[in-house]
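A.B. asks: Quick one: structure below, then a few questions.
Read-outs throughout are calculated quantities, based only on the coordinates presented, and are distinct from any laboratory measurement. Just so we're clear, the structure is a prediction, and the values are computed from it rather than from any experiment. FYI the Cβ positions are ideal-geometry reconstructions off the backbone, even for glycines, and counts take in every protein chain you see.
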Amino acid sequence: MNITIKEGFVRYEFRRREYEGNIVIGKDNKFEGLTAVSSIKPEQGGQRLKIQLRPEGNIVLRALHLSCAFNFLETDTVYCNGYQSWTDSREFAVGEKLLPLRGIMRLIKMHRYGDIHFYPYSGKEGEFHSHTYTYIRRNTAIALIGSLSESEGYTIFQYQTRNHAFTIIKDCEGLELDRNLPVLDVFIATGEEQKVFESYFNLCNLKPRADVTTGWTSWYNYYTKISEDIILGNARALAENNIPLDIIQIDDGYQTAVGDWRSIKPEFPDGMKKIADEIHKAGYMAGLWLAPFICEKKSQLFSQHKNWLVKDEMGNPIAAGWNPGWSGDFYALDIYHDQARSYIEDVFAAVLRDWNFDMVKLDFLYAAAIIPRKGKSRGKIMRDAMELLRRCVRGKKILGCGVPLGPAFGLVEYCRIGGDVALKWEDRLLKFMRYRERVDTKHSLTSTIGRRHLSGHAFFNDPDVFILRDENNSLSPDEKNTLFILNNIFGGLVFTSDDVAHYSENTLRYYRAHFPLRSKNIESVRNDSGMYEIRFSIGNLSYFVRANLRDETAECTLPDGAFCRNDARTGEVDFVPGTSTFVLRPHETQCFLRLSERMPSLAGSSGHIFPSSEIDSFKASGKNFIVKLHRSAQRPNAVFVRVAKAGKYSINGAHAESKEVIPGVHLIKIIME
């Protein structure tokens, strides 16, 4: 799996004339008014390739790319990371096509959400592209190519698999240079997936700014129809049911218009500080949704401060998108306009200091960099915008959304990594429109799995909400379960919008069964046309999951060993021998705990969707065992311990006798109150 770097190319403007030249890798390349210093050196088990530009005066970059070669096999797959949070991100077969958005969607400016307004889609077989990082998979090994810096522009990896070629592109259009600057910095490595990604993130020098987090958000149940009573009613229901989540977040709908963040609707008569105070009294952190870089047409900001907006060459404000839930078109604030920046800073001071919110969900962030301008590329503007937000928010928490991911690395605690979940499984009309940022549950889950590598490194992944409620959605029980399980496996921030006061006893039990939220080690993911095999661990507990995102049933086989499977809705637990077969219905997921061969050992439970992960400690002394549950674990809870042979034991001071549940597997059971 050798990647060959052939040569680079640069085009630029110097003293009002345009020049171009080829860059030989490993040499100092001298051009008119510019030297391109390129190097490739061993690092972290791979190679680090850098291009530094040294201008002799002011230059304006027009293009920079590197030509590469790779011998693609028909069985290879290529991972493509989408442009921003909502853009689909997955592995492509080498013969697939990445089709452009249908033209009718441009009429309502939906192309602004994606990269199609600045990157050409050929729609040809084997031609697709990835932002910030990418990899080629061959069996269990990958060849990873990842950008180590998006500060000067987006890095785009363009594939032409039929020609056994790909190109590393720096989207540097309009970037002005008047000093030495490293413009391109990428890491290339081949090997086992986890090790290669570990090396990549080590070189990125990223440190998590938070920990795994649970929460409630208003959007996916109430949307913009929220009020003080609805928010505080949900907070009370969560507190009265002793739900041990971390954050209650108020989403879009509290403000009179997008952009007028301190103008609050009459449905919130006591103001936003009162709501934050009441959320704190209930025992939770308070979060608030903002879209700090945009304003809608009906806002006072738009009508009174058009000079603050990003404009085209004719001086007209540029629409950054269209939203039917607002007043149609919305527009981007110019973060380099002094008064616009002051306004943004004042809004955050009000939200975080005066109202005392603990977290902000910051949405539609891509809009800040809708066009290159002021001598800066799109990626440079986006990084500047993210650094502005980090300074405004300081030590409080950011959930980024609708943002190109590379410029957000290391600057947000949490980040959305998929499209919005819908109240149904799939939106076939938007899929037909080839809309890559569509609201669609299956589409969201595909990116949740695809971007799994980022969580706990670049930030903690927000896979969007799960839905367990029966009302106000069209998801089947299997679809809700799949969304619940996969979000809890791959999510570092796990939210719902359900009103727990309306839950049945079984649904409330099921909801409680994802506490505590544990960090996971994703060991492997294999995808066979929408039939996923997932292996992960929590501490020394190993899990095996099959998730069927297909529209037809599928027969599956367990690996060797012995397994525990539970139904956290009912508390039922069963034990299954290895190599057993089972059938998954369309959109169904099943999770199994693999029983350890080490004995005694934990062997399952009834109180968590990932059996035994709610147990804080297990100690054994001869035939005497002590088991302690996590403080947020569901009670009562049946806990099982595997022992070597039949006999009598003591567990938490109570006498128990082992039982052979499947051939060769002896277990003892205790009910934890």
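A.B. asks: What number comes out for the charge environment of Ser303, summing +1 per Lys or Arg and -1 per Asp or Glu over other residues with Cβ under 14 Å away?
C.D. replies: 0
A.B. asks: Right, another one. Could you tell me how far the Cα centroid of region 256-310 sits from the Cα centroid of region 202-241, in Å?
C.D. replies: 17 Å
A.B. asks: Taking H as built 1.01 Å from N, whose amide H comes closer than 5 Å to the amide H of Ser606, not counting residues under 5 places away?
C.D. replies: Long-range HN contacts for Ser606: Ala638.
A.B. asks: Could you state the orientation-averaged shadow area of the convex hull built on the Cα atoms of region 86-232, in nm² to one decimal?
C.D. replies: That works out to 14.2 nm².
A.B. asks: Given a Förster radius of 56 Å and the C-beta distance between Arg179 and Asp478 as r, what FRET efficiency does 1/(1 + (r/R0)^6) yield to the nearest 0.05?
C.D. replies: Efficiency computed from Cβ-Cβ geometry: 0.45.
A.B. asks: Once both labels are modelled 7 Å past Cα along the beta-carbon direction, what's the Arg16-Thr557 spacing in nm?
C.D. replies: Going from the Arg16 label point to the Thr557 one covers 7.5 nm.
A.B. asks: Right, next: I'd like the projected area of the chain, averaged over all directions, using the convex hull of its alpha carbons. Report it in nm² with one decimal.
C.D. replies: Mean orientational projected area (the chain, Cα hull): 30.2 nm².
A.B. asks: Still on this structure: Please sort by residue number the trypsin sites (Lys or Arg not before Pro) in region 578-651 whose DSSP state is loop and whose Cβ has at most 15 other Cβ atoms within 10 Å.
C.D. replies: Passing sites in region 578-651 are Arg598, Lys623, Arg631, Lys645.
A.B. asks: Another question, then. Output the relative contact order of region 541-608, whole-number percent, from Cα pairs under 8 angstrom with separation of 6+ residues.
C.D. replies: Normalised by residue count, the contact order of region 541-608 is 43 percent.
A.B. asks: Along each principal axis of its Cα atoms, how long is region 418-551 end to end? Whole angstroms, biggest number first, please.
C.D. replies: Taking max minus min along each principal axis of the Cα atoms, region 418-551 gives 42, 39, 27 Å.
A.B. asks: For region 4-204, how big is Rg over Rh, using alpha carbon atoms and the Kirkwood form of Rh?
C.D. replies: Rounded to two decimals, Rg over Rh is 0.98.
A.B. asks: Given a Förster distance of 35 angstrom, what is the FRET efficiency for Glu657 paired with Asn506, based on the Cβ-Cβ distance and rounded to 0.05?
C.D. replies: 0.70
A.B. asks: Name the residues whose placed amide hydrogens come within less than 5 Å of the amide hydrogen of Gly321, ignoring near sequence neighbours (fewer than 5 apart) on the same chain.
C.D. replies: For Gly321, whose amide H was placed from the backbone, the distant partners under 5 Å are Phe330.
A.B. asks: I've got another one for you. When all C-alpha to C-alpha distances in region 1-68 are sorted into bins of 10 Å, what percent of pairs does each bin hold, rounded to whole numbers?
C.D. replies: Reading the bins upward from 0: 20, 50, 22, 7, 1.
A.B. asks: Could you calculate the contour length gain from Glu7 to Ser67, that is, 0.36 nm times the residue separation minus the distance between their Cα atoms, to one decimal place in nm?
C.D. replies: So the extension gain works out to 21.0 nm.
A.B. asks: Region 230-323: D in µm²/s via Stokes-Einstein (Kirkwood Rh, Cα pairs, 4 °C, 1.567 mPa s)?
C.D. replies: This corresponds to a translational diffusion coefficient of 84 µm²/s.
A.B. asks: Testing the spin-label approximation: label points 7 Å from Cα along Cα→Cβ at Asn540 and His117. State their distance in nm.
C.D. replies: 5.5 nm
A.B. asks: Another one. From the phi of every residue in region 499-511, what ³J(HN,Hα) in whole Hz does the Karplus formula 6.51 cos²θ - 1.76 cosθ + 1.60 yield, where θ is phi - 60° and glycine or proline is x?
C.D. replies: Rounded to whole hertz, the list is 8, 5, 5, 9, 5, 6, 4, 5, 5, 5, 4, 5, 4.
A.B. asks: Would you tally the net charge around Thr35, using a Cβ to Cβ cut-off of less than 12 Å, leaving Thr35 out, and scoring K and R as +1, D and E as -1?
C.D. replies: 0
A.B. asks: Further question on the same structure: Determine the gain in length on full extension of the stretch Ile108-Ala239; use 0.36 nm per residue of separation and subtract their C-alpha separation, reporting nm with one decimal.
C.D. replies: Going from the current span to full extension adds 42.9 nm.
A.B. asks: When the chain is fully extended, how far beyond the present Cα-Cα distance does Leu429 get from Ser650, taking 0.36 nm per residue of separation?
C.D. replies: 73.6 nm
A.B. asks: If N is the number of residues in region 526-672, what value comes out of its Cα radius of gyration divided by 2.2 N^0.38 Å?
C.D. replies: Against the compact-globule rule of thumb, the ratio is 1.08.
A.B. asks: What does the helix-only formula give at 222 nm for the chain: each DSSP H stretch with n ≥ 4 adding -39500 (n - 2.57), the total divided by the residues, and the result rounded to the nearest 500 deg cm²/dmol?
C.D. replies: It lands at -5000 deg cm²/dmol.
A.B. asks: Using only the Cα atoms of region 301-394, what are the Rg and Dmax in Å?
C.D. replies: When restricted to the Cα atoms of region 301-394, Rg and Dmax are 13.7, 42 Å.
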